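Read-outs throughout are calculated quantities, based only on the coordinates presented, and are distinct from any laboratory measurement. Computed from a predicted structure; not experimentally measured. No Cβ is skipped: glycine too gets one built from the backbone with ideal geometry, and neighbour counts run over all protein chains shown.
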């Protein structure tokens, strides 16, 4: 809130409510509010406040979205029983910042028996990783080398006893070199593998993902049976 104190105009942050704002503004006469001194102060203050607010919102969004800083390492893990559902990444100067989201596994699964594998790739070489049978990806760890202009990833994989990964298929590469990456696991699938290829020219990787069904054998049998019945027109309408 703008107040006059002596010959000075200043911003009073103690006035927060609309009613208080109206009372304070009402204390100024029309001639005071239209004076060059008063209006000049507003011209300076309002843009400055807009800039400060914009920077604050941008910083909050960035810090809340990405798990690493440029050239920084990270260790991201989903809450217990959840699985990786979304992956996004932005590129700049031979590195990427990463963001992840988690969700419940399909068919009421809750993978909690976990392992962390070794780094599956060496610097500047292709990566082709797959969790052990019936495990799914629930976390990602990474560090970057400025010398190699590359980043290594390794993965936390978890399983739910009695559940199996089946019908696994690789996606196409989900990003071009130096471009934004965004990927979401289909709601009836889990992420069980991750592959990438490296370009030394731009210091970046293209990424693709292994999607699998995840269910108990009895659930998988019923799902297949339902598909067969639908194909032959045997389902009830």
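Quick notes on this one:
- By the equivalent-ellipsoid construction on the alpha carbon gyration tensor, the stretch 147-195 comes out with semi-axes of 26, 16, 9 Å, ordered largest to smallest.
- Radius of gyration (Cα atoms) of the stretch 74-221, expressed as a multiple of 2.2 N^0.38 Å: 1.03.
- Relative contact order (%) - criterion: Cα under 8 Å, at least six apart; region: the stretch 87-162: 34 percent
- With R₀ fixed at 30 Å, the C-beta to C-beta distance from residue 176 to residue 108 puts the FRET efficiency at about 0.20.
- Note on the stretch 111-176: Cα convex hull, mean projected area over all directions, 5.4 nm².
- Computed FRET value (nearest 0.05) for residue 101 with residue 73, which takes r as the C-beta separation and R₀ as 25 Å: 0.80
- Residue 119-residue 216 FRET efficiency (beta carbon distance; Förster radius 25 Å; 0.05 resolution): 0.20
- The relative contact order of the stretch 133-214 comes to 33 percent, based on Cα pairs under 8 Å that sit 6 or more residues apart.
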